[in-house]
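Undergrad: Dropping the structure in here first, questions after.
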Amino acid sequence: MNELTPPAKRTAKDFATDQEVRWCPGCGDYAILRAVLNTLADIEADPANTVFVSGIGCAARFPYYVETYGFHTIHGRAPAFATGIKLANPELDVWVIGGDGDMLSIGGNHLMHVIRRNVDVQVLLFNNEIYGLTKGQASPTSRAGTRSPSTPLGSVDNPVSACVFVLGAGAKFVARGIDAQQKDLPGILKRAHEHKGASFVEILQNCIVYNDGVFADITEKAVAADRQVVCRHGEPLVFGKDADKGLKLNPATLSLDVVAVGEDGPEAAGVLVHDETNRTLAGMLAAMDDHALPVAVGVIYCEPGLSYGEGVAHMKEEARKRAKDADLKSIMHGGHTWTVSD
C-alpha cells in the first residue's frame with residue numbers, strides 16, 4: 001500500500017512569480033508585496049483558488065507578481081470585476097488592489113458599491129497621495145496645498161479620507177497599515193482575510209519619486225510612537241514612547257482629546273478602551289488626521305454581517321421555491337408578449 005506524502009507547506013517565495021518586478025527602486029509597493037506574499041503563506045492560501053484583481057496605476061501591476069490567478073482590468077473598475085468573479089464562483093478567495101487615484105477618483109463609485117454591498121473580498125488601497133504612474137498629479141487624497149504638475153500653485157481641494165469614506169459607505173471591516181511595518185502589516189491582512197464580507201485596508205505607501213516622505217511625519221522612527229496609536233480590540237488607546245498618552249472622549253464636543261497617562265494608569269486617566277465593533281468610535285479614530293491627534297493604525301472597525309454573496313444565495317433559493325414548477329417556455333410566452341404580423 002502506497003503512503004501519500006502531504007505536500008510541503010508553501011512559503012512566501014512559492015507565491016512569487018518569475019516576472020521582473022517593475023516598480024521604481026525604493027517604492028513602498030515592494031514592501032506591500034512582501035507582506036502579501038508572507039500573508040498568503042501564513043494563511044496557507046491555495047493558488048488555484050486565489051485571484052488578485054487590479055485596475056490601472058502602479059499598484060495595478062500586483063497580479064503579475066503573485067503566483068495565483070489575476071486580472072489586470074480597467075481604470076477604477078477592479079471592484080466591479082471582483083464582484084462578478086466572487087458571485088460567479090463564491091469559493092474563490094478574491095483580493096482587490098488599487099491606488100488612491102484608481103479607487104477614490106475614477107473608481108470611487110465602484111469602491112462604494114463593493115463596500116456597501118459587503119461583497120466578500122479583500123480591498124487593499126495603496127495610498128501615496130499622488131498619481132504615480134502618470135508622473136505625479138494630485139490625487140483625491142492629496143493634502144490641500146500639494147504642488148504637483150496638475151496643481152502648480154497648490155491643490156485647493158479638500159482631501160478624501162479613505163477610511164472615513166468607506167465607513168460612510170457602510171463598511172463592516174476597516175483597517176489601516178503602513179508599507180514598511182512588516183511585523184504588523186501581515187497581521188492586519190490576515191484579519192482582513194478572516195473577515196467574511198468586504199474588508200477594506202488602507203495602506204500608507206511611500207512614492208519615492210513623486211511624493212517622497214509624504215508620511216514621514218507619521219512613520220519616521222523618531223516620531224512614530226508619538227504619531228501613531230495602534231488599535232487593539234479590548235485594549236486602552238495609549239501611545240507615546242512610554243505609553244504615557246492616551247485618547248479620551250470629550251463629552252462637551254463629542255470629540256477625542258489627548259490626555260496624559262499618569263502613574264495610576266490609563267483607566268484612571270479616562271483613556272478609552274478600543275472597541276472595534278463601535279462604529280461611532282471607529283469614525284472618530286479614522287478621521288484623526290492632524291498633528292493634534294495621532295493617526296490610527298490597525299483594525300479600526302470590525303462588525304461582521306450578511307455578505308452580498310450570502311444574500312444573493314438566499315434570494316436564488318427563495319426564487320426556486322416559489323417557482324418550482326416554472327416552465328421557461330411558458331414564462332417566455334406569458335404576460336406581455338405579442339406576435340408581429342408580416
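Undergrad: For the stretch 235-248, enumerate the residues that are open to solvent by less than 50 Å² (accessible area, probe 1.4 Å) and over 13 Å from residue 259 (Cβ atoms).
TA: none
Undergrad: Still on this structure: Exactly one condition in (1) open to solvent by 10 Å² or more (accessible area, probe 1.4 Å); (2) under 16 Å from residue 103 (Cβ atoms); (3) in a loop (DSSP other than H, G, I, E, B) is not met by residue 135; state its number.
TA: Condition not satisfied by residue 135: (2).
Undergrad: So which residues in the stretch 38-72 are buried (at least 18 other Cβ atoms within 10 Å of the Cβ), of a type in the set (S, T, N, Q) and not in a strand (DSSP E or B), if there are any at all?
TA: Of everything in the stretch 38-72, those that are buried (at least 18 other Cβ atoms within 10 Å of the Cβ), of a type in the set (S, T, N, Q) and not in a strand (DSSP E or B) turn out to be 38, 39, 68.
Undergrad: What pairs come up if the first residue lies in the stretch 275-287 and is touching a residue at least 60 places away in the same chain (Cβ under 8 Å) and buried (at least 22 other Cβ atoms within 10 Å of the Cβ), the second is in a helix (DSSP H, G or I) and not aliphatic (A, V, I, L, M), and their beta carbons are under 6 Å apart, counting only those six or more places apart or on different chains?
TA: Pairs that qualify, where the first residue is touching a residue at least 60 places away in the same chain (Cβ under 8 Å) and buried (at least 22 other Cβ atoms within 10 Å of the Cβ) and the partner is in a helix (DSSP H, G or I) and not aliphatic (A, V, I, L, M), are 286/163.
Undergrad: Same structure, new question: Does residue 163 satisfy the criteria of being modelled with pLDDT of 95 or more, within 13 Å of the chain's Cα centre (by Cα) and either open to solvent by less than 20 Å² (accessible area, probe 1.4 Å) or of a type in the set (S, T, N, Q) (or both)?
TA: yes
Undergrad: Out of curiosity, is residue 233 in contact (Cβ under 8 Å) with a residue 12 or more places away in the chain, part of a helix (DSSP H, G or I) and over 25 Å from residue 141 (Cα atoms)?
TA: Answer is no for this residue.
Undergrad: Now for a different question. Does residue 306 count as in contact with a His (Cβ under 9 Å, 6 or more places away or on another chain), part of a helix (DSSP H, G or I) and touching a residue at least 12 places away in the same chain (Cβ under 8 Å)?
TA: no
The values are calculated or read from the model by the stated rules, or taken from the named source; none is laboratory data. Computed from a prediction, not measured in an experiment: that's the story for all the values here. Don't worry about glycine lacking a Cβ; one is built from the backbone with ideal geometry, like all the others, and counts go over all protein chains shown. Calculation scope for accessible area: heavy atoms of the full protein, side chains included, ligands and nucleic acids excluded. Shrake-Rupley method; radii C 1.70, N 1.55, O 1.52, S 1.80 Å.
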